[in-house]
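Asker: The structure that follows is given in the form of structure tokens.
Just so it is clear, none of the values below were taken in a lab; they were calculated from the coordinates. Everything numeric here is computed off the predicted structure, so don't read it as measured data. A quick note on method: Cβ atoms are made from the backbone with ideal geometry, for glycine too, and the neighbour counts reach across all protein chains shown.
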């Protein structure tokens, strides 16, 4: 299941990718420009690693778009807020979160299923 946090991290990564490609740089050249490993650039762009404020500021500067740093930092704050919200929900364990879905399921009047099978 994808959380709001993961979705926000992937959206931030997509924006970072847009900036890099807009600057006409491939991943390896960009990593070398920043002094990072190419895998770090990949992890940030694919939403597998959360960027730090310093990462975002350096990214914007390396793309020649320092004006976008404020937008990127704002997206990071939203991402961190979603992570705090998710952790707060899970503080009491998974049961309360799952119970919310059980209530919705019990209130459902029509349930449709679809199964695609290829033989």
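Asker: For residues that are under 29 Å from the mean Cα position of the chain (by Cα) and over 30 Å from residue 54 (Cβ atoms), tally how many sit in segment 77-113.
Answerer: 14
Asker: Take segment 28-87 and flag every residue that is surrounded by 14 or more Cβ atoms within 10 Å (Cβ to Cβ) and either at positive phi or not in a helix (DSSP H, G or I) (or both).
Answerer: Residues satisfying the conditions are 36, 46, 47, 49, 50, 51, 63, 65.
Asker: Take the residues of segment 1-27 that are over 13 Å from the mean Cα position of the chain (by Cα) and without any contact (Cβ under 8 Å) to a residue 24 or more places away in the chain: which is surrounded by the most Cβ atoms within 10 Å (Cβ to Cβ)?
Answerer: Ranking the qualifying residues of segment 1-27, first place goes to 27.
Asker: Let me ask you something else. Report, by residue number, each residue of segment 45-103 that is touching a helix residue (DSSP H, G or I) at 6+ places or on another chain (Cβ under 6 Å) and over 30 Å from residue 31 (Cα atoms).
Answerer: Within segment 45-103, 86, 89, 97 qualify.
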